[in-house]
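Quick notes on the structure that follows.
The values are calculated or read from the model by the stated rules, or taken from the named source; none is laboratory data. As the structure is a computational prediction, the values presented were derived from the model and not from experiment. We place every Cβ from the backbone using ideal geometry, glycine too, and count neighbours over all the protein chains shown. Ligands, DNA and RNA are stripped out before the accessible areas are found, and what is left, the full protein with its side chains, is counted by its heavy atoms. Shrake-Rupley method; radii C 1.70, N 1.55, O 1.52, S 1.80 Å.
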Amino acid sequence: MGQDTLIRNVLIPTAQILAVVLILPLLIAYLQLVERKVLGFMQARLAPRRVGWHGLLQPIADAVKLLIKEDVIPEKSDRFLFTLAPIATVIPALAALAVIPFAGAPFTVFGYEVKPFITDVNVALLYLLAISSLGIYGIILGGWASNSKYSLLGALRSSAQMISYEVPLGFAIIGVMMLAGSASMVDIVEAQRKAGVWYVVPQLVGFFCYFIAAIAETNRVPFDLPEAEAELVAGFHTEYSGMKFAFFFLAEYTNMIVVSCIATILFFGGWLRPLPNVESLWWLQNGWLILLPLTLGGFAGWLFGQRTGRGLPPMIAGGGIGAAAGAILAMSDLGGLASLSLPAVSGAFWFFFKVSLFLFMYIWFRGTYPRYRYDQLMALGWKWLIPLSVANVIVTGLAIVVKGAVQGRG
Amino acid sequence: MFRTEEMDINMGPQHPSTHGVLRLVLNLDGEEIVDVRPVIGYLHRGVEKLSEHRTYAMIEPLTDRLDYVAAISENLGYCGAVEKLMGLQVPPRAQSIRVILAELQRIASHLLWLGTHALDLGAMTVFFYTFRERELILDLFEQFCGARLTYNAMRIGGLLEDVPPGWTDRVRHFLSIFPSRQKEYEDLLTVNRIWLGRTQGVGVLSREDAVALGTSGPTLRGSGVDYDVRKSQPYSSYDQFDFDVPLGTKGDTYDRYLVRMEEMRQSCRIIQQALDRLPEGEVRAKVPKYIKPPAGEVYHVVESPRGEQGFYIVSKGSEMPYRMRFRSPSFVNLQALPMMCKGRLIADVVAIIGSIDIVLGDVDR
Amino acid sequence: MPVPPVHALVFSLLLFAVGVLGVLTRRNAIIILMSIELMMNAANINFIAFGLRSHDLTGQVFAVFTIAVAAGEVAVGLAVVLALFRNRDTVYVDEVHIMKG
Amino acid sequence: MTPAAVVFYILASLALLSAVMVIWSRNVVHSAIYLVLTFLCVAGVYIVLRAEFVAAVQVLVYAGGIVVLFLFVIMLVNLAGTLGPRVRVHATVSAIVGCAAVALLLYVSASGGLDTDFGARIDLSAQGGNLQAVGWALYSDYLLPFEIASLLLLVAMIGAIVLARQKY
Amino acid sequence: MVEYVPILIFLGVATLFPVATLVIARLLRPSVYNKTKLEAYECGVPPSGEARARYPVRFYIIAVLFVVFDVETIFLFPWAVKFKALGVFGFIEMLVFLGILLVGFAYAWKKGALEWV
Amino acid sequence: MGATTRTVEAPRTTGAREILKTFLLLELWVGLWVTLKNQFRPHITVEYPKERVELSPRFRGIPRLRFHPESGEELCIACHLCETVCPDDCIHIVSEKKPDGKGKRLVSFEINLERCCFCGLCVDPCPTKPLTAIYMSHDYEMADFKRDAFVAPLKVLLNGVDPKDYKE
């Protein structure tokens, strides 16, 4: 194997993987801060503000606390499985990120072409489904090993919930695959570019099924039964503390990010800008230097403006300031930034923007809805989502067949 | 025959959703509830016995701590009982202010119930909204009597002091904003399909059972029994106000929820009327310095937010009661729990406990 | 061809042998079913190794069928175990003498 | 030895090791976990043998579905740590059978029986990828087995429901 | 095949990460145990009975249904990516396949396997 | 007033609207709108050590004694009325005859704040009107590490306690 091949096939992916694995926990810690902030604002309160400016160091404090927290393994538990369970939860959650592309175009570092994804495999969607189906083991083992009634009942319930919603999840994806004719993530986005429309339009029902099933898969409100503290205390991780608990937590949020990424790629055009085939909207593609500060400024304004009790004006002001700064930067061409109108950067901007919206939806739901009861949750999955998603596959097939016949004749 | 062995699960006393220190021993078959056994007494303080060694004035702070979520109602009932025993006439202004306080308390108590009930069923945000509005009421109480939870707001024979200046305007202000806030809770819950699924048909208590078990308050009215102490045995000038008694039809958790929501609206109506027709004058009748009711016994009931709150006093003519007995609605309503839970799932237990709105201070006394 | 097919076949054979050993030596019906799964996996490796050998997709297609069959087999097999447990209160095969009545 | 071969040997030995642990472990739950490990390693072997789709299916169905079934049943019958002694009589028999099989295989491969070319018909990675290729093969050449598979699954489903039904 | 190398590396790193963190945490954290602390949580009262009791068979039936649908999904995947090439015939083929399985699904539904209470 | 009852029922829509509502999840959107709207409402958090709520004049905090604010003379006449009426027995008064023989003088006055329930009953009978000797102050911070610290002697009752730096 030549040195070049080694760098391209082993070293660059390794660097990417290390970056992902090291940055992700930090990202999740801050996602959690944002979640607490958003929930707090929705609930007319202020959320963490003690540690650091506006609570910005809170995630660090939490992480340190979890790291040095005493780890209790219950007496009657199966120690091996008890330790294995959180690890078995984290691995599949992380490994799913391997096939998520967040931009289309590659960029160059030190003369080597770096792709904006770790790898793109032909069976990416299958891989994702397979990997996510492995996530169930952490739950079952955690519940079983704890030897506590709440844990075991919680584990049985959550695992049954997860397998139940994996079925509509798989069916919902199939509609997209029929349209794109591929199971590779990059191919699916490219197919959307060619079609000139995000697949959420032809696959609205599919997206609906996917989104609901994804919320249930990640155990979020209104399907957060595994940790329904009102009934089963904390479900399968009742007995967990310290870092092991943190891993369950990490896995849950990683899963949240992963399903949001998949939703973005499959239904919302991945890194494509809105209306990818409307030429006059080119600035959505190239104007990242203004759009990015606009978004960040608006977000910051909203986040920190709550202190005054008025969220909207600071949000607009923050967005305005950001946009102005971006415009000045672009105009003055400081440090040649504007010439960096790389498709990779712009694609990444759109991708993360969409993913953030999904994550916001998750938090928003958590702040709004009551929780389903277990039997209702199962009924929703089996009696509504599965028939609906199967019907979606059939209707999509029918539409493609009819369209093909019409085109073939005309 | 496949043995799904029945399993006992403890819910409480340290459990996130049993409202204080209630312990339930659930007998499960799989996830289905075979039997529920409430274990109470974790908060028993012997208030009834304590009362036998207190003068009548000194008992009122104890009543605050019975149903600490609705202390005004307890104060009102206790003072009413002693007044009845002594044959005291409470001045009309004091009566009206008592009604305003009691109805504000009803709203505050129902808000707390709504918040925790919704929290139990997973809707965490409603909890913060109801507490935000409950704070407004607690502010009113603080301005009136100086305390926010254990008010000790009344005195035998009337009130300690008249309302502070500007207080009625603040109550009016509260009444002006509250309905729109209540609309928000309803938007979040009343029509929400998840909420409907969690509450409709859950914990059904039939009319007959409700009466047979001696339940009262919204638990009884949710089952469609028209019984409200404020109507049937009016006290403290309740007969002068115009209000409806909301009744449920099916007796499920959802009906009890709707009854309480409607009660809050009716309470606003009562407060509005009381404010509009607030009589002038004294707020405290002439009361001897040392209260020594004549020998005899009295039973006085009021409609607390939880139901029929009874006070039974036996006096031997001394300055302390000979025997004191509280009929607490939470205790009686709790007896309906096993009947409502049988055959349901664990998650329903949470909903049902929430819907009967017990306060452990009231249950254990 | 990354690996000599014979090596894959040896691997498959060893896996099969482990499965056979499990079936023969364990009394627990659940473990026996697990061993059968191991044997089916060994068969699948054979399919794929021969497919690779002959540049043919048939092996892979049949591996998929085998997996489908395995799924059905396990579903029914475990249901039998459950029924066994329900009626005889055991999952040990040598304690079951249905024919003896 | 190519890197792929190295991966193959590592995965294969790991698979065999955990397979042995499956039948060796006294705790059924542990057995199930080793079974998952075996399946995952075998899936890795499939990828090395250029059967990506089968590998994904292996993980999805075996590791993600079948072992879950096992675990559910273990939990439903509650058997952890209640294993009796192993029956040892058959161990020698199976060892003999195994050795004979290995010997047979080695003989066949040594005699060149495996070198016969079965004919290179299809490039495995043709038609845009393994998934597409398998799809084409499956839905053009093997229609009947495909529909029979659905029948089989139907029967399995009904059979399982009937057998496991709680109330008669 | 080379595109699977990163996945292999990723699995390795993903395994290493939690293990390493647990080891670090083990070095940092205190461990003062007593009997009560090691008991399973049961709402503040001593645990009663065995936790590993038996649970409803319904969970098993749900799992069986899942496995069957899982297999169905894997047959649908290659079909979906080749759908445009397979045309009407492939569509009908899959309708038959789905139809047969939906019969089973309907059977399970009718038998009450999907009901929880 | 006439006995009026009102039957409560879930708000109901029928026909096409109901179907529309079911499939468009209308009420779920309304719920989302409520939480979104509340995001832009003023928050209600009070960041306690930094901010403090405004207490109403009648607020019942820790009971304290006072001297006449202008003349500085002792208001308490040691009548023991508050001690008598206290339901928790938390007031302890020691008094002695004044040297001139008229009335009594305070020797010591203790309130056990551990027992105090802040009911305010002690203020009612206090005979020194209009300014009562004992009053409910607006202090409410009383945490401490030692039980002794909760028995407030006369000096503390008169002067209050300086804000403590809670360190042990």
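The table below gives the values:
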item	result
Residue count, segment E:53-92 (criterion: closer than 19 Å to D:L163 by Cβ, at the interface with chain D (Cβ under 7 Å from one of its Cβ atoms) and not in a helix (DSSP H, G or I))	3
Listing of helices (runs of 4 or more DSSP H) fully contained in segment B:247-346 that carry 3 or more residues being touching a residue at least 60 places away in the same chain (Cβ under 8 Å) and under 17 Å from the mean Cα position of the chain (by Cα)	B:253-276, B:329-334
Given (1) touching a Lys or Arg at 6+ places or on another chain (Cβ under 7 Å); (2) not in a helix (DSSP H, G or I), index of the condition A:I400 fails	(2)
When residues of segment B:259-269 are limited to those that are among the hydrophobic types (A, V, I, L, M, F, W, C) and within 11 Å of chain F (Cβ to nearest Cβ), the one surrounded by the fewest Cβ atoms within 10 Å (Cβ to Cβ)	B:M261
B:L101 within 21 Å of B:L275 (Cα to Cα), open to solvent by less than 10 Å² (accessible area, probe 1.4 Å) and assigned to a helix (DSSP H, G or I)	yes
Enumeration of residues in segment A:186-214 that are buried (at least 22 other Cβ atoms within 10 Å of the Cβ) and closer than 30 Å to A:R157 by Cβ	A:G206, A:F207, A:C209, A:Y210, A:I212, A:A213, A:A214
Whichever residue in segment F:84-94 is surrounded by fewer than 18 Cβ atoms within 10 Å (Cβ to Cβ) and under 19 Å from F:L158 (Cβ atoms) and, among such residues, is nearest to the chain's Cα centre (by Cα)	F:H92
Residues of segment B:222-258 that turn out to be on the phi > 0 side of the Ramachandran plot and more than 9 Å from chain F (Cβ to nearest Cβ), as a count	3
Test for F:R105: is it touching a residue at least 12 places away in the same chain (Cβ under 8 Å), in contact with a helix residue (DSSP H, G or I) (Cβ under 6 Å, 6 or more places away or on another chain), part of a strand (DSSP E or B) and not β-branched (V, I, T)	no
Subset of segment E:93-117 [small (G, A, S), more than 7 Å from every other protein chain (Cβ to nearest Cβ) and over 17 Å from D:F146 (Cα atoms)]	E:A106, E:G112
Residue check for C:H55: modelled with pLDDT under 75 and at the interface with chain D (Cβ under 7 Å from one of its Cβ atoms)	yes
Among (1) of a type in the set (D, E, K, R); (2) open to solvent by less than 20 Å² (accessible area, probe 1.4 Å); (3) within 14 Å of chain A (Cβ to nearest Cβ) - the single one B:E135 does not satisfy	(2)
Condition check for B:M58: crowded, with 19+ Cβ neighbours inside 10 Å and free of Cβ contacts under 8 Å to residues at least 12 places away in the same chain	yes
Some residue of segment B:43-52 being part of a loop (DSSP other than H, G, I, E, B) and of a type in the set (K, R)	yes
Selection count where residues are under 13 Å from C:L9 (Cα atoms) and not aromatic (F, W, Y), scope segment C:40-69	11
Top-ranked residue in segment A:171-185 [being open to solvent by less than 10 Å² (accessible area, probe 1.4 Å) and in a loop (DSSP other than H, G, I, E, B); ranked as farthest from the other protein chains (Cβ to nearest Cβ)]	A:S184
Verdict on A:W384 being assigned by TED's automatic domain parsing to the domain that holds A:V259 and either open to solvent by less than 40 Å² (accessible area, probe 1.4 Å) or touching a strand residue (DSSP E or B) at 6+ places or on another chain (Cβ under 7 Å) (or both)	no
Residue list for segment B:53-90, filter: aliphatic (A, V, I, L, M), under 26 Å from B:F131 (Cα atoms) and in a helix (DSSP H, G or I)	B:L62, B:A71, B:I72, B:L76
In segment B:185-195, the residues that are open to solvent by 10 Å² or more (accessible area, probe 1.4 Å) and either at the interface with another protein chain (Cβ under 7 Å from one of its Cβ atoms) or over 24 Å from the mean Cα position of the chain (by Cα) (or both)	B:D187, B:V191, B:R193
Some residue of segment A:43-55 being in contact with a His (Cβ under 8 Å, 6 or more places away or on another chain), among the charged types (D, E, K, R) and surrounded by fewer than 18 Cβ atoms within 10 Å (Cβ to Cβ)	yes
Filter result (free of Cβ contacts under 8 Å to residues at least 12 places away in the same chain and in a helix (DSSP H, G or I)) within segment C:54-68	C:T58, C:V61, C:V64, C:F65, C:A68
Leading residue by the ranking (farthest from the other protein chains (Cβ to nearest Cβ)) among those in segment B:27-55 that are among the hydroxyl-bearing types (S, T, Y) and open to solvent by 10 Å² or more (accessible area, probe 1.4 Å)	B:Y42
Segment F:24-83: number of residues that are open to solvent by less than 40 Å² (accessible area, probe 1.4 Å), among the β-branched types (V, I, T), at the interface with chain A (Cβ under 10 Å from one of its Cβ atoms) and under 26 Å from B:E142 (Cα atoms)	0
